[in-house]
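Read the structure below first, then the notes.
The values are calculated or read from the model by the stated rules, or taken from the named source; none is laboratory data. Only a predicted model underlies this, so the values are computations on that prediction, with no experimental measurement involved. Positions of Cβ are backbone-derived with ideal geometry, glycine not excepted, and every protein chain shown enters the neighbour counts. Note: areas computed on protein heavy atoms with side chains; ligands, DNA, RNA excluded. Shrake-Rupley method; radii C 1.70, N 1.55, O 1.52, S 1.80 Å.
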Amino acid sequence: MATSLTDTRLRHLAGSLLATAEPGDPPIAFGVSWASGEVELHFRDLVAGDPAAELRGFRAPESWWAFGVVAHVRTRCLDTGAVLAEHQPFVHLVARSGEQVTVLDSGGVDPLPVCSAGGPHGRLSDACARVLALPTPPPPADSGLLLATLWLDAVARRAQAEPGSPPFWPDVVALLPLSTSVAHGDPAESGDVVSALGPVFAHTWPWGRLRSSCAAGMGPLGAIDATIAAWADEGTFARLALEPFPDLPDLVALLDALLAPPVARRIHETLTAWGLSRWPDPDGLGGGAGHGTVVRPHHSAVGDTMGPHLGTFAPGADRNRLGG
């Protein structure tokens, strides 16, 4: 398939910017505009140590044709986890057309393309796209994933805080967000009510309503700043909401090890009722064995090549403010 003109321009610009990166430089955000037939670059040093987080809430002027970041990253082997390079320069660049390019310093003559056109899916990709008001990949289909994640994270914290006294099922139910009436109701009925709560929540609070309510300073689970929620789209909002927590499969595996098998089993039954897990072996619960396959959202840094270390950079002072 032929390479588009936009993609060619992105690659050329990304390669030129990569060539200017020096070890120890802070990450830099840049906007690209045209003036009198010439390219203008608008630079700003990113000083907070996490480029994706620092860009949240910023909206580029309409005159900008593209937006991106120059930074350094640690790369690892996907098979072994071994570190391949420390402080490896890279550029991530997004055009208003939606095309994007990520290139790494190969240590040779030409930069190493990580991706182009469709681009990666991750924190920095989300942030750069939203700076240009572009859509990002969709959220998990079911917002019940957020409710389950918040719940099981609270249960894990409670179990780890009191390792000699693991919570019983009524204690676990009491930690479920939005479940005050369930926690203080008839224990014989609480299982049925809890099983219904996830689907009811997902139907009542889809991701779009959660985001718009949070942007208005309301909603049932609004831990995201209203300005950031208004800046995000549904996909970015969902990933921001899930970002502070372990993935649901990891929480399930942890609780299998921390809780009594009957309590762990009831959690699996609840997740199954919520449509979030499958049980390959219902008799294998307890001690971390036999837990189901649970829906896992993908929210890596830029993409799998980059891993979770993107955003650990040396701070620096502003040069020219974005938009200035």
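The figures follow:
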quantity: Leading residue by the ranking (surrounded by the most Cβ atoms within 10 Å (Cβ to Cβ)) among those in the range 37-84 that are in a loop (DSSP other than H, G, I, E, B) and hydroxyl-bearing (Ser, Thr, Tyr); calculated: SER63
quantity: Selected residue (only one of LEU112, LEU104, LEU124, LEU178 is surrounded by 23 or more Cβ atoms within 10 Å (Cβ to Cβ), of a type outside the set (S, T, N, Q) and at pLDDT below 95); calculated: LEU124
quantity: Among the residues listed as ALA127, ALA159, ALA141, the single one being closer than 13 Å to ARG239 by Cα and in a helix (DSSP H, G or I); calculated: ALA127
quantity: Residue within the range 23-31 that is more than 29 Å from the chain's Cα centre (by Cα), open to solvent by 30 Å² or more (accessible area, probe 1.4 Å) and among the small types (Gly, Ala, Ser) present; calculated: no
quantity: Close pairs from the range 196-217: first without any contact (Cβ under 8 Å) to a residue 40 or more places away in the chain and open to solvent by less than 50 Å² (accessible area, probe 1.4 Å), partner assigned to a loop (DSSP other than H, G, I, E, B) and small (Gly, Ala, Ser), Cβ under 8 Å, at least 6 apart; calculated: SER213/GLY219; SER213/GLY222; CYS214/GLY222
quantity: Tabulated pairs, the range 251-265, first under 16 Å from ASP171 (Cα atoms), second part of a helix (DSSP H, G or I) and open to solvent by 10 Å² or more (accessible area, probe 1.4 Å), C-beta under 6 angstrom, 6+ apart or interchain; calculated: VAL263/TRP169
quantity: Every residue from the range 218-261 that is part of a helix (DSSP H, G or I), of a type in the set (Asp, Glu) and open to solvent by 40 Å² or more (accessible area, probe 1.4 Å); calculated: GLU234, ASP250
